[in-house]
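Participant: Supplied in structure tokens, the structure appears directly below.
Just so you know, all these numbers are worked out from the coordinates, no wet-lab data involved. Model, not experiment: these values are computed from the prediction. With ideal geometry, Cβ positions are generated from the backbone for all residues, glycine too; neighbour counts draw on all protein chains shown.
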Amino acid sequence: PGPARELRIHVNQVGYETEGPKVAVIAADEAFPELEAVVADRDGNERTVWEGKVPAARYDELSGDWVAQVDIGGLETAGWYRIEAEGSVSVPFYIGDSVYDDLIYRVSRSYRMQRSGQALDDPQLGLKLQAGHLQDKEAEPIFEDEQGRRPVIDASGGWYDAGDYGKYVPPAAIAAAQMMLAYELRPEFFAARRFLLDGERAHWEAAESAPDLLAEIKFELDWLLRMQREDGAVYHKISGGVFPDFIPPAEDVQQRSVYGMSTYGTAMFAAATAMGARVYKPFDSDYADELLSRAERAQRWLEAHPEPYFRLDDMQDSGSGPYDKTTDREERYWALAELFRTTGEDRYGKALANDYADLSAGLAHYASWNDGQLLGQWAEAAAGSGTAAQAIADAANEMAGSIGRDGYRSALTGGDYRWASNKVAMAKAELLLLANELRPNPDYFSGAVDQLHYVLGRNAMGTSYVTGAGTRYARYPHHRISAASGILVPGLLVGGPNRDLNDPVLEKLADQGLPPAKSYIDDLLSYASNEYAIDYNAPLLFVLAFMD
Ligand code: 9MR
């Protein structure tokens, strides 16, 4: 026999739920025949708790790996284990109940860490920050609006978008909406989950009796409300003219401006605030009323401005993300569906039926800052539309099929391995879970679980893409707060493999011919594969809420 093959054994490093699916992947650079694998206690006493055959490897094109899946689903005894095959061994992993409790805490708390305009003193992490970007209280639009006005705007508060300190309406709206949706579907799951410290709920009187998740989301909704113009339209973003270096928020004292306006962002605002009107009603009915009246104001403006519009003020600004999108039908549809669900008003129902029947029925697509269709379909399906429910189930069927064909049981297709592919994995899992609510199907649920296992380490990089979660996790995320403080904020989902290699660090890897699923580098400067964002963590939070 020649030299031993080098096998890489990839597992979900955070852990497998006792009763859930448990698949590991054995990968190599060359083909291998059927082989034996064992699962043993982690703690060196080598007690074998499972043994079985691993099928012969098959080639997985997106990762360039030869792979075989090991299904240890039958192992239902709680404990710490590792998988061994031909002398190679996985990192230790845990099987047990509620294995994601700590992770959901971290992921929820990550939003608190992103708060702009508030000081932070987190004794658990030893992370202290002074309040940042107080200058946002008096920002000005960079250009005059259509009426020639340039009012001073209070754009303070809200969450920083990502590793940068910009604040943008579309990702804010889609993130808040996905989090509210998680709450709407799993209120009991979030009811008792406290993750805010005393004083951190202070911006809301009802906070003591409401779930922390809603207190945190309200911080973002309040900012969104500030971004709405008098006439109902919503500004696009606030940022400085240059991306700051890796400094703490309070040191980024550059003048910041409000940029742009878009119909798609205005519609996302209307949808998210209309949702908020339902979600906040039991806790704070004045606030719920305010959210609804703002949603309606945005909607009236949209009705008076039926053409898609996106202002490219970005041309003047190199210090922020574009979030550019020149169409808006999916978002107008989503806004109407939420307004209809919240108010039951006939005019919204009629507009949906007359103008958007194609979007209700069209094959569903995962939610994103640039696509509100799925959440519109969900709102309609939840209100009883069989057409929208079928469109979601059809997409889930397709996804379940593609998960079954993928070497790592990932739902990502070749075209998905681009900037924010990990977000796509979580957003696809979210779609599967929504389908499972409408048309319960074990393949939908286990397909969603598979996506979580994928981002938590069962992937071609053998990396957990969530900071602090697992054994080998992203340690150098493009995240200014972590980099500036030297304290890695845990619970951040990074963007993940990106075949476009569109940042300076990834570009240098171009001549290596990396396969799509390996176009990733754990490097501070790789913003196109290793940055975290609020709209990446939102579907992760959604998925975690369904796991126990
Ligand atoms: O997540 C966004 C991704 O979908 C886009 O392809 C990319 C390029 O426009 O922008 C990403 O969003 C970034 C934003 O532009 C600026 N803040 C950081 C965001 C995450 O990288």
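Participant: Could you tell me the largest-minus-smallest coordinate of the C-alpha atoms of the chain on each of the three principal axes, in descending order and whole angstroms?
Facilitator: 80, 52, 48
Participant: Where Rh is the Kirkwood radius over the Cα pairs of the range 9-67, the temperature 4 °C and the viscosity 1.567 mPa s, what D in µm²/s does Stokes-Einstein return?
Facilitator: Numbers: Rh = 13.1 Å.
My calculation gives 99 µm²/s for D.
Participant: Size of the range 370-471 along its principal axes in angstrom, Cα-based, largest extent first?
Facilitator: 44, 27, 25
Participant: Project the alpha carbons of the range 187-279 onto their principal axes and report the range along each, largest first, in whole Å.
Facilitator: Answer, in whole Å and largest first: 42, 34, 21 Å.
Participant: How big is the gap, in Å, between the Cα center of the range 72-95 and the Cα center of the range 5-50?
Facilitator: 5
Participant: Can you give me the Cα centroid spacing of the range 100-144 and the range 187-259 in angstrom?
Facilitator: Taking the Cα centre of the range 187-259 as reference, the centre of the range 100-144 is 8 Å away.
Participant: Using amide H atoms built in the peptide plane, which far-off residues or other-chain residues are under 5 Å from GLY372 H to H?
Facilitator: Those qualifying (amide H under 5 Å, at least 5 residues apart or on another chain) are GLU331.
Participant: Continuing with this model, one more query. Of ALA68, TYR81, VAL23, which is farthest towards the positive pole of the range 8-96's charge dipole, taken about the Cα centre with +1 and -1 on the beta-carbons of Lys, Arg and Asp, Glu respectively?
Facilitator: My answer, from the dipole projection, is TYR81.
Participant: While we're on this one: Quick one: length gained pulling ALA131 to ALA353 fully straight, 0.36 nm per residue minus the C-alpha distance?
Facilitator: Values: separation 222, 0.36 × 222 = 79.92 nm, distance 4.72 nm.
Contour length minus the Cα-Cα distance gives 75.2 nm.
Participant: Go through the range 466-503 and name the trypsin sites (Lys or Arg not before Pro) that are in a DSSP coil and have 16 or fewer other Cβ atoms within 10 Å of their Cβ.
Facilitator: Working: sites: ARG472, ARG475, ARG480, ARG499; in loops: ARG472, ARG475, ARG499.
Filter output for the range 466-503: ARG472, ARG475.
Participant: For the range 221-227, just list the computed ³J(HN,Hα) in residue order, Karplus coefficients 6.51, -1.76 and 1.60, θ = phi - 60°, integers in Hz, with x standing in for Gly and Pro.
Facilitator: These are the phi-based 3J(HN,Hα) values: 4, 4, 5, 4, 4, 5, 7 Hz.
Participant: Work out from phi, with θ = phi - 60° and the Karplus expression 6.51 cos²θ - 1.76 cosθ + 1.60, the ³J(HN,Hα) of each residue of the range 61-72, listed in order in whole Hz, and give x for Gly and Pro.
Facilitator: Computed from phi, the couplings for the range 61-72 are 5, 5, 9, x, 9, 8, 9, 9, 9, 10, 9, 10 Hz.
Participant: How large is the convex hull of the C-alpha atoms of the range 69-182 per residue, in Å³? Could you put the intermediate results ahead of the total?
Facilitator: On the way: hull volume 23.7 nm³, N = 114.
Enclosed volume per residue, from the Cα hull, is 207 Å³.
Participant: Going by average Cβ neighbours within 10 Å, how do the peptides 18-29, 426-437, 143-154, 318-329 rank, with the highest at the top?
Facilitator: On the way: 18-29: 19.8, 426-437: 26.9, 143-154: 12.1, 318-329: 17.8.
Put in order of decreasing packing, that is 426-437, 18-29, 318-329, 143-154.
Participant: Which log10 I(q)/I(0) values does the range 474-548 give at q = 0.19, 0.24, 0.26 Å⁻¹ under the Debye formula, counting every alpha carbon as one identical point scatterer?
Facilitator: -0.79, -1.03, -1.11
Participant: Which cross-chain or sequence-distant (5 or more) residues have an amide H under 5 Å from the amide H of GLY260, H modelled 1.01 Å from N in plane?
Facilitator: Under 5 Å from the amide H of GLY260 lie the amide H atoms of ILE142, PHE143, HIS236, ASP313, each far enough along the sequence or on another chain.
Participant: Pull up all non-local amide H partners of VAL54: gap of 5 or more, or a different chain, and H-to-H distance under 5 Å with H placed in the peptide plane.
Facilitator: Sorted by chain and number, the residues that satisfy this are LEU35, GLU36, ALA37.
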